[in-house]
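Everything on this sheet refers to the single structure shown next.
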Amino acid sequence: DDVLIKLEQEHDVSSAAINAWIKPLHIEDVQNNNIILSLDAKYGERGIQFIKKKMYDFYISLAIQDLTGKKYDIIFELEKDGASEKSSTKEPVQDDNNLNPRYTFDTFVIGDNNQMAHAASIAVAEAPAEAYNPLFLYGGAGLGKTHLMHSIAHYIIEHDSNLNVLYVTSEDFTNEVINSIQHKKQEELRNKYRSIDVLLVDDIQFIIGKDSTQQEFFHTFNALYNSKKQIILSSDKPPKDLDVLEERLRSRFSWGLTVDIQPPDYETKIAILRKRAELDHIYIDDEIFDYIATHIKSNIRDLEGALNKIKVYSKLNKQPIDLELSKIALQDLIDNKSKQKITPELILKTVAEHYNIQTSDIISKKRSHDIAYPRQICMYLCKKLTDTSLVKIGEVIGKRDHSTVIHGVEKIEKDLKKDSNLQNIIDVITKKME
Ligand code: ADP
Ligand code: MG
């Protein structure tokens, strides 16, 4: 189970892929440094090729190494006849509704970053095909799109069991299209998709450039839309930025409501971590949440990964979870390297670039706002991102004394509390340096 969690949280293997490919694997044998995993014979060699192509073996090996400290090579086999007979009575992969039971509205933490997306999802879940159609959710990786989509699907299934709900990733959809073409079963595929009341397609950006898949999706979309069925899509970008997507699809995607999910702010990160710990029944001190939330960038999957790492680390070492242990557990997740590389000089240069002024302006005596403000941002960033002392920072920034630096840092800290745009600017500048 820990391996599965790791695969999903740290290596970005989708839960659908885990259900479809990783869970059905059996541990046949462990010899020296090899773990032999067997796959149901019905998948054939192609199944193994698929797993390798997706590098699941690599991720499994990494996850096991993380958990046990030992490196194993993963070897795949097809199940022997006897065994495959047993497993052929197992439910076929497609019958699984592909939904992660953990991804529900109950476990979703609402913050400023996702409040719109959450509200729209609830509206659609409560009144499919009446509220917004299609609903288009977009945002960066690990910000909760899949979680929201599964939540909608769970909700609808629970409240109206008559509705035919289908959640697929666009990869699943692509594979189905390819299979149907190969086996001349396009009619069947069309019938399947057209009998659906609520269709959710995750990561729709991956159908870009796949002509026959786009075609098929276009027809599916029209058929469902015209018979007033709900369509919910997710993507990493808004429709207008899906450059290579056929125009007719792009415009359709924006017929309903398009909402974004932004990276969480500090408070939301803390709330998500608290919720996660609560669901896992582990007690974690606030200072540890604070440590994770300030050091892990913006991705919620990484936040959860961090928490998980701490949990596993404490279990393996049989030590209680405290700040010390957390810092050690997160050592390689938290990028100290970039911290060392960032120097006051680099900060000055990057800030000057960003504001289109000269570094010499920043260290000059000029006091106009368009120079003084970037100068204070430099002070703030030097304090935050380097180990340089306040006195030294003052010296680098035009021989100013350390109380000027303190004043500058405090000014920016204060502004950050009321000006969310400033946070964006700081993030952009920080990103540039990394
Ligand atoms: P995406 O599909 O946008 O890449 P996911 O939906 O897979 O992101 O989310 C990544 C992880 O973060 C999941 O484990 C999910 O449960 C969790 N997560 C994301 N947003 C929230 C939230 N608002 N509240 C609780 N957990 C969240
Ligand atoms: Mg996703």
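Let me check against my output: what whole-number percent is the relative contact order of the stretch 283-434, with C-alpha pairs under 8 Å and at least 6 apart?
Relative contact order of the stretch 283-434: 18 percent.
Which trypsin sites (Lys or Arg not before Pro) in the stretch 167-196 sit in a loop by DSSP (not H, G, I, E or B) and have at most 11 other Cβ atoms within 10 Å of their own Cβ?
Passing sites in the stretch 167-196 are LYS184.
Of the candidates ASP202, ASP236, ASP285, which one comes out as most mobile in a Gaussian network treatment of the chain with C-alpha springs shorter than 10 Å?
ASP285
Shape call for the stretch 304-405 from the C-alpha gyration tensor, a ≥ b ≥ c root eigenvalues: rounded (a/c under 1.5), prolate (a/b greater than b/c) or oblate?
Judged from the Cα gyration tensor, the stretch 304-405 comes out prolate (a/c at least 1.5, a/b above b/c).
For a quick check, take a GNM of the chain with Cα springs below 10 Å and name the residue from LYS311, LYS414, LYS23 with the largest mean-square fluctuation.
Looking only at LYS311, LYS414, LYS23, the largest GNM fluctuation is found for LYS414.
Neighbour counts of other C-beta atoms within 10 Å: give me LYS145, LYS431, LYS349 arranged from fewest to most.
Ordered from fewest to most neighbouring Cβ atoms within 10 Å, LYS145, LYS431, LYS349 come out as LYS431, LYS349, LYS145.
Subtracting the Cα-Cα distance from 0.36 nm times the residue separation, let me have the gained length for LYS240 to GLU413 in nm, one decimal.
Extending this stretch completely gives an extra 58.7 nm.
Please find, in a Gaussian network model of the chain (springs between Cα atoms separated by less than 10 Å), the residue of GLU345, GLU130, GLU216 whose mean-square fluctuation is greatest.
Greatest mean-square fluctuation among the candidates belongs to GLU345.
What list do you get for GLU171, GLU267 if you sort them by fewest beta carbons within 10 Å?
Taking fewest neighbouring Cβ atoms as first place, the list is GLU267, GLU171.
Length gain on complete extension for the stretch GLN319 to SER420, per 0.36 nm per residue less the alpha carbon to alpha carbon distance?
32.5 nm
Given R₀ = 22 Å, what would the calculated FRET efficiency be for LYS384 paired with GLN331, taking r from the Cβ atoms and rounding to 0.05?
0.65
Testing the spin-label approximation: label points 7 Å from Cα along Cα→Cβ at VAL312 and GLU278. State their distance in nm.
2.6
Quick one: PHE108, PHE217, fewest Cβ neighbours within 10 Å first, how do they rank?
PHE108, PHE217
How high is the relative contact order of the chain, in percent, with contacts defined as C-alpha pairs under 8 Å that are six or more residues apart?
12
For the stretch 155-309, what does the relative contact order come out to in percent, with C-alpha contacts under 8 Å and a separation of six or more?
Contact order relative to length: 17 percent.
Once the Cβ-Cβ distance between ASN191 and ASN162 is put in as r, and R0 is 30 Å, what FRET efficiency do you end up with, to the nearest 0.05?
So, using R0 = 30 Å, E works out to roughly 0.95.
On a full-extension model of 0.36 nm per residue, what is the gain between GLN115 and MET433, subtracting their alpha-carbon distance, rounded to one decimal in nm?
Length difference between fully extended and current span is 111.4 nm.
Using alpha carbon centroids, what distance separates the stretch 1-61 and the stretch 95-136, in Å?
29
Please sort 384-392, 136-144, 63-71, 290-298 by packing, taking for each peptide the average over its residues of neighbouring beta carbons within 10 angstrom, highest first.
Ranked by mean Cβ neighbours within 10 Å, highest first: 136-144, 290-298, 384-392, 63-71.
Give me the Kirkwood hydrodynamic radius of the chain, using the inverse of the mean 1/r over all pairs of distinct Cα atoms, in Å to one decimal.
Hydrodynamic radius (Kirkwood, Cα pairs) of the chain is 24.8 Å.
FYI, it's all coordinate maths here, none of it is from the lab. Given the structure is predicted, the values throughout are model-derived calculations rather than measurements. Because the Cβ atoms are built from the backbone with ideal geometry, glycine has one as well, and the counts that use them run over all protein chains shown.
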